[in-house]
């Protein structure tokens, strides 16, 4: 049984509360040139990144721009032979994925697997900001690549 | 001069504060079948729409799902010969646009035009929820269609 299963929380009886989505953590945009994208966003919207970070495991450098209760993440590939590099080659710049904050990444991934969702990560891995993440295939999300981010 | 221009706010001297982005209001996903998409999201994530609404002017029916401080918007076309219908024909289901909340839609559109952004709407129009909105072309947003939503 999943943690929290059987309790009657806001999602109703029997639903594991630790699987609930807490927030739209960020929406990610694939860009070819991170400096240029940050400059453009700053010129048009006067918002600047909280931080920039290289995430070697994902082959990206990312910049996280706060937008009220959520964030815009700009994602640039570290090279052409990376997931974001291949995305740019196929699609050009544009929306890449959305990330939902969850309280318990293992519980969330287990729940999704039990419901038949197609997981890219069956176990959590380390993402940006030292947070544990897991990706869900677009085939289980109406064409949208979904990242779950554990907020502790 | 734009409203607020010349004041020294959080964005620095000379920046019109009424243009600032207040929040990532929503991220929108184009779907072929709104009922099926709502059902799937409910099964996987146990989140349900706050409301559903037909926006005839945009040729869509939309469902707004709250996610913490932001929203996921599911967008289904009212017919094939609509912007979202053509999007589905070309791209299939997937991420369609992001929406930023602004305090003054006229000031925001005027600022973007002055900075050389390519606007789809030079004047605000009515969007979902009775809010005034304006769209910015993906060519001015690293491939991302941007909607500005006035929050009053």
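Any read-out appearing in this document is the output of simple, stated calculations on the displayed coordinates, not a laboratory observation. No experiment lies behind these values; they were computed from the predicted model shown. Quick reminder, even Gly has a Cβ in these numbers, built from the backbone with ideal geometry, and neighbours come from all protein chains shown.
Points worth noting:
- The mean number of Cβ atoms from other chains found within 10 Å of a Cβ in peptide A:29-42 is 2, as a whole number.
- Projected onto its three principal axes, the C-alpha set of the range A:83-126 covers 34, 20, 16 Å, listed from the longest axis down.
- Taking other C-beta atoms within 10 angstrom as a stand-in for reagent exposure, B:82, B:152, B:43 fall in the order B:152, B:43, B:82, fewest first.
- Residues B:75, B:112, sorted so that the one with the fewest Cβ neighbours within 10 Å comes first: B:112, B:75
- Degrees separating the helix A:105-114 axis from the principal Cα axis of chain A, which is the longest one: 70 degrees
- Across B:92, B:134, B:59, mean-square fluctuation computed from a Gaussian network of chain B (C-alpha pairs under 10 Å connected) peaks at B:92.
- Computed log₁₀ I(q)/I(0) - Debye formula, equal Cα scatterers, no solvent, the protein assembly as shown, q 0.08, 0.14 Å⁻¹: -0.35, -1.09
- Here the range A:24-116 is treated as a Stokes sphere of Kirkwood radius computed over C-alpha pairs; at 25 °C and 0.890 mPa s its diffusion coefficient rounds to 172 µm²/s.
- B:109, B:74, B:34 arranged by Cβ crowding within 10 Å, fewest neighbours leading: B:34, B:109, B:74
- Estimated from helical segments only, the mean residue ellipticity of chain A at 222 nm is -6000 deg cm²/dmol, where each DSSP H run of four or more residues counts as -39500 (n - 2.57).
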